[in-house]
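Peer 1: Dropping the structure in here first, questions after.
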Amino acid sequence: MRTFQLLTMLLVLLLAPMVRAESYSCRDNQGRWSFSDSLMNLPEECLDRAQTHASDETVDNLNYVPPAAESGGSDLSFDRSVREVEHDLQRKEQRSKQLQQRAEQLAENYETANADRRRALRRWNYRSRETIQKSELLIQQLREGKQQLLQELSAAALSGREEQQIKATLERVAEE
């Protein structure tokens, strides 16, 4: 019975999620709130009284609060900061869509080339050898395109959900 309890407890510990996301917040001397995903990004006056907020989920959508302006014209710099963040988010979204479209195109081309190759093998005639060679060359190029797209994906810093969707699409392009 004791062995069963130990095994059950070990299984629960192994299956527990290992990822934790933390964010920090504090209110400075002027009463403004500062939020960050890194303790080092908070103002110095907040370091000793920062509050930690832990989450058991991956956080891909942290809200951005630009640093407060030190002199006049704070509204303009705040608006500019907000526009820059919105522009960055739009760029990331466009990049994600572009990578997803390329992944879908690769997968469709792979499936077509593979079907052509199988069809040529089944219906052997004088053009089959040429069709098989062209299909195999195209399949190899598509596999290389998949590897290149995976490298671009890792450098793109997309959200976990978007990255998983693109990888799932690329799974349709089988390795050798």
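The values are calculated or read from the model by the stated rules, or taken from the named source; none is laboratory data. Remember, it's a predicted structure, so these values are computed and weren't measured experimentally. We place every Cβ from the backbone using ideal geometry, glycine too, and count neighbours over all the protein chains shown.
Peer 1: Residue under question is Q101, and the condition is that it be part of a helix (DSSP H, G or I), within 29 Å of the chain's Cα centre (by Cα) and free of Cβ contacts under 8 Å to residues at least 40 places away in the same chain; does it hold?
Peer 2: Working: part of a helix (DSSP H, G or I): yes; within 29 Å of the chain's Cα centre (by Cα): yes; free of Cβ contacts under 8 Å to residues at least 40 places away in the same chain: yes.
Yes; evaluated as a whole, the condition is true for this residue.
Peer 1: Now, a different point. Please tell me if L158 is part of a loop (DSSP other than H, G, I, E, B), surrounded by 16 or more Cβ atoms within 10 Å (Cβ to Cβ) and assigned by TED's automatic domain parsing to the domain that holds D116.
Peer 2: Working: part of a loop (DSSP other than H, G, I, E, B): yes; surrounded by 16 or more Cβ atoms within 10 Å (Cβ to Cβ): yes; assigned by TED's automatic domain parsing to the domain that holds D116: yes.
Here the answer is yes, as L158 does meet what is asked.
Peer 1: Taking into account only those residues within the range 65-86 that are surrounded by 13 or more Cβ atoms within 10 Å (Cβ to Cβ) and in a loop (DSSP other than H, G, I, E, B), which is modelled with the highest pLDDT?
Peer 2: Only one residue tops the list, namely V65.
Peer 1: From the list L62, L89, L47, pick out the single residue that is modelled with pLDDT of 60 or more and either assigned to a strand (DSSP E or B) or under 17 Å from A157 (Cβ atoms) (or both).
Peer 2: Numbers: L62 fails: modelled with pLDDT of 60 or more; L47 fails: either assigned to a strand (DSSP E or B) or under 17 Å from A157 (Cβ atoms) (or both).
So the residue among L62, L89, L47 that is modelled with pLDDT of 60 or more and either assigned to a strand (DSSP E or B) or under 17 Å from A157 (Cβ atoms) (or both) is L89.
Peer 1: Restricting attention to the range 122-132, does a residue exist that is buried (at least 18 other Cβ atoms within 10 Å of the Cβ) and in contact (Cβ under 8 Å) with a residue 12 or more places away in the chain? Don't jump to the end; show me each part of the working.
Peer 2: At the first step, the residues of the range 122-132 found to be buried (at least 18 other Cβ atoms within 10 Å of the Cβ) are none.
The answer is no, given that none of the residues of the range 122-132 is buried (at least 18 other Cβ atoms within 10 Å of the Cβ) and in contact (Cβ under 8 Å) with a residue 12 or more places away in the chain.
Peer 1: Can you give me the number of residues within the range 146-161 that are in contact (Cβ under 8 Å) with a residue 40 or more places away in the chain and closer than 22 Å to Y110 by Cα?
Peer 2: 4
Peer 1: Which of the numbered conditions does S55 fail, given that it passes all the others? Conditions: (1) surrounded by 11 or more Cβ atoms within 10 Å (Cβ to Cβ); (2) out of contact with any strand residue (DSSP E or B) (no Cβ under 6 Å at 6 or more places or on another chain); (3) modelled with pLDDT under 70.
Peer 2: (2)
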